[in-house]
Amino acid sequence: MAFIIQRNTTYRIPKHPSSPVRHAWDMIKRDHAQVFGAVPTVVMGELEHADVVIRFAVPDDRCPWHPEAFCFRFVKDGGKKELHIAANDELGLVYGMLEYSRKYLGVDPFWFWADLPPEPRSHVEILMIDYDAPEPYVRFRGWFVNDEVCLIGWKEEYPPTREVWEPVFEALLRCGGNMVIPGTDLPKHGIHADLASEMGLWVTHHHAEPLGAEMFLRAYPGMKASYQENPERFEALWEEAIEKQKDRSIVWVLSFRGQGDQPFWAQDPAFDTPEKRGEMISRVVRKQYEMVQAKVANPRCSVALYGEISELYKAGHIHIPDDIIKIWADNGYGKMVSRRNGNENFRIPALPDPQDEGKHGIYYHVTFHDLQASNHLALFPSPARLIRDEVEGAFRAGAKEYVLVNCGNIRPHIYTLDLLRELWMRGEADDKEHLQSFVGRMFPSGRAEQIADLYRDYARRTIVYGPNEDDRAGDEFYHHPARKIVGHWLQGKSDRPLSRLFWATGKVDFPAQVEWFRRKCADAVTGWRELLARIEELLPALPEPDRLRLRDHLQLHVELHLSGCEGFEKLGRSYSAYREGNYPLAFVYASQAMWSYGKGLTALKQAEHGKWLHFYRADWLTNIQSTVHNMDTLRRWLRMHGDSPDFFLWYKQFLMPETEKYIYLENTHRNPLSDDELARRLADYFGE
């Protein structure tokens, strides 16, 4: 027998719905209107018939009893049929409503971020088969909205308003997530944390802001940020944070790092041994734990074993109670090992040992910002298989109580976020099947196999810069090292190596460092051009919505890599020409580097259509605009080498007709060519 949902379907919701249920109901109303063209009717009377009834479960429902469980029950009320969405708790009710939206109304979890509205329909037929929601594999599942400069710069208001945050939290809930760190060091008066709680999410904290407390130096400017010397001031901040959040769903982060997300011993050198550092962290964690327990019944607490804290814990210097979730972190490139710190890359395994007791979880990056080779604007640079293998491996090691995913600015990373959705809900994923499913949802008009091949090839084209499987370059690889090279060069330091690039090049002299980057990028250009050509060849065969989606969610990323490779390759050529004393040619190459990097800005601008206007204007981290400015500075500096002071000499030497060179009158040839025009004409002259 079929159950029909249509324009006139009526709904009944709980009489006094909680804030999370009200938010979810607003989503259902909008979804119903998008599909059927009319806002649904709400039935108020408890005894009055409604087609879809949203309510809390009763024993006869036999709804599963795990946290956040829900069920669908088809009921006959006299001669009428009803669909009951029932749950034991309010977040379960939210998930039940959103599953109804996904399963029956066809609303994709990333509909907002992928510009993928549900298909309009006259009606939907449903088989009347009861449904019990399976228990998610991971208890606490969420996003850290980190390095969120695009979200910050998207609208004029700061901190970001409800308009920005609601689509973020909605997508997380639709992915089955229940936990969030809502932004990075945003002003406390912002709506982000309040709205996350309103919508039913557990809120957790950045490891540099234990308990979500105010940073010490903000509260006490000018004082020494030493717990050893000022314990009462630290504890006052912690007490204030606990009091403010005690009635909310919080996964409390217990931690002790220094100010500005660095080790506390950077400001307090008295802690000069691992034993002293570990003892201090252990003592602070115990104190914070006791303070939370004094105010909150059965608190959920965690400790982030990030960076140096992981190393101290592994060495046995930190002791944590077993009921505190220990959070292990990947290195920012998807591998569950310690992260690279400058040029140090010890790659210590970052997973619990078999003898580690208690609860464990992971903090995992699908996007990262490290001023080296990470991906911030572009897709994860390694194959999805790496994500699957590392996360499933973490689960097998016992780190399955908690998964926090660094989601960045959401929009550029929906493919990998969708893969993590499947992993945290099911505990496993087939990356090949997931890609086929994802592409089928994103591009419903067809060509799924071709598009899946393009996604697979993306990870094959990324630059391999080291010996490890995760040593693949994201968009920051083309920009931070390039700007460092220009600064080192123009500061007159070319006679010594740039130590901040040893992580990539090894300990070689500066010219060899520049050539290393030039060659890596030059070798990758052909592959990126070929992939871009395949995308452009496919685009005309797609309907406009799918075409726009392919441009925004794959072509943009390819263009960021290609423009970066071309720009860095030209920068390397510029330096070589400079070393040979060929300053006009060096000027040409620097100009071409600037134009190539500028293509990345153009690609970002083209992705800012419709509601996405200004989405990328706050690209302050990869900062393509800064790279363009650096190349412009470089070429202006190079033009000083031989074309100064009149900025007419290269024109006279290379471009002026021979018949004019020796007879022209200076007072009629005093309008120097612009940098762009001179570079273009010199490029033609040199055959470049």
> Which of 420, 601, 266 sits closest to the plus end of the dipole of the chain, meaning its Cα is farthest towards the positive end, when Lys and Arg get +1 and Asp and Glu get -1 on the C-beta?
Replying inline: 601
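So, with +1 on the Cβ of K and R and -1 on the Cβ of D and E, and no other charges, what is the size of the charge dipole of segment 140-459 about its Cα centre, to the nearest 20 debye? Intermediate results must be reported in sequence, preceding the final value.
Details: 37 positive and 48 negative charges, 51 e Å.
The dipole magnitude comes to about 240 debye.
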> Amide H to amide H under 5 Å from residue 144: which residues, 5+ apart in sequence or cross-chain, H placed 1.01 Å off N in plane?
Replying inline: 181, 405, 406, 407
> From the list (1) 35.8; (2) 30.2; (3) 41.7, can you say which value of mean projected area of the Cα convex hull in nm² was derived from the structure given?
Replying inline: (1)
>> Can you tell me the length gained on complete extension of the stretch residue 688 to residue 122, counting 0.36 nm per residue apart and subtracting the Cα distance?
In response: 197.7 nm
> By how many nm would the segment from residue 499 to residue 347 grow when fully extended, if each residue of separation counts as 0.36 nm and the alpha-carbon distance is taken off?
Replying inline: 52.7 nm
> With charges only on Cβ, +1 for K and R and -1 for D and E, what is the dipole size of segment 467-641 about its Cα centre, in debye, rounded to 20?
Replying inline: 680
> Between residue 33 and residue 450, what is the FRET efficiency for a Förster distance of 35 Å, r being their Cβ-Cβ separation, to the nearest 0.05?
Replying inline: 0.55
> Out of the DSSP beta bridges found with both residues in the chain, what percent are antiparallel (nearest 5)?
Replying inline: 35
> Label points 7 Å out from Cα along the Cβ direction at residue 396 and residue 158: separation in nm?
Replying inline: 4.7
>> From the phi angles alone, apply the Karplus equation (6.51, -1.76, 1.60; θ = phi - 60°) to segment 510-521 and give each ³J(HN,Hα) in whole Hz, x where the residue is Gly or Pro.
In response: 4, x, 5, 5, 4, 5, 4, 5, 4, 5, 4, 6
> Helix 480-490: angle to the longest alpha-carbon principal axis of the chain, degrees 0 to 90, nearest 10?
Replying inline: 30
> By per-residue mean of other Cβ atoms within 10 Å, what is the highest-first order of 299-309, 455-465?
Replying inline: 299-309, 455-465
>> Ranking request for peptides 111-124, 631-644: highest mean number of other beta-carbon atoms within 10 Å first, then the rest in descending order.
In response: 631-644, 111-124
>> Let me spell out the model: positive unit charges on the Cβ of Lys and Arg, negative unit charges on the Cβ of Asp and Glu, origin at the Cα centre of the chain. What dipole size does that give, in debye rounded to 20?
In response: 580
> What is the distance in Å between the Cα centres of segment 262-308 and segment 146-197?
Replying inline: 27
> Considering only 651, 177, 215, whose Cα is most displaced toward the positive end of the charge dipole of the chain, charges sitting on Cβ of Lys, Arg (+1) and Asp, Glu (-1)?
Replying inline: 651
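Kirkwood hydrodynamic radius of segment 467-641 from all distinct Cα pairs, in Å? Write out the running numbers ahead of the final one.
Numbers: mean 1/r = 0.0587 Å⁻¹.
Over segment 467-641, the inverse of the mean reciprocal pair distance is 17.0 Å.
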> Among 171-178, 598-605, 501-508, 568-575, how do they line up from the highest to the lowest mean number of other beta-carbon atoms within 10 Å?
Replying inline: 568-575, 171-178, 598-605, 501-508
>> Just to be sure I understand the model, the point goes 7 Å from the Cα along the line to the Cβ. What's the resulting residue 613 to residue 217 distance in nm?
In response: 3.9
>> Can you return the lysines within cross-link range of residue 29? Criterion is Cα-Cα under 18 Å, with same-chain partners fewer than 8 residues away left out.
In response: 15, 103
> What are the residues whose amide H is under 5 Å from the amide H of residue 3, where those residues sit 5 or more places off or on another chain and H is modelled from the backbone?
Replying inline: 126, 127, 128
> Given a Förster distance of 25 angstrom, what is the FRET efficiency for residue 48 paired with residue 26, based on the Cβ-Cβ distance and rounded to 0.05?
Replying inline: 0.70
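Cα-Cα over 21 Å: which of 314/400; 224/484; 570/599?
224/484
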>> Going by Cα centres, segment 562-607 and segment 110-129 are how many Å apart?
In response: 47
> Going 7 Å from the Cα of residue 536 in the Cα-to-Cβ direction, what parts of segment 586-621 have a backbone nitrogen less than 14 Å from that spot?
Replying inline: 599-600, 603
> segment 1-80: which GluC sites (Glu not before Pro) are DSSP loop and have at most 14 other beta-carbon atoms within 10 angstrom?
Replying inline: 46, 48
> Dipole of segment 140-459 (Lys/Arg Cβ +1, Asp/Glu Cβ -1, origin at the Cα centre): which of 142, 450, 393 lies farthest to the positive side?
Replying inline: 450
> With labels modelled as points extended 7 Å from the Cα through the Cβ direction, what inter-label distance (nm, one decimal) is found for residue 671 paired with residue 276?
Replying inline: 7.1
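Laboratory data are not the source of any read-out in this text; all were calculated from the coordinates shown. Keep in mind that this is a model prediction, so the values were computed, not measured. Ideal geometry is used to build each Cβ from the backbone, glycine not excepted, and the neighbour counts take in all protein chains shown.
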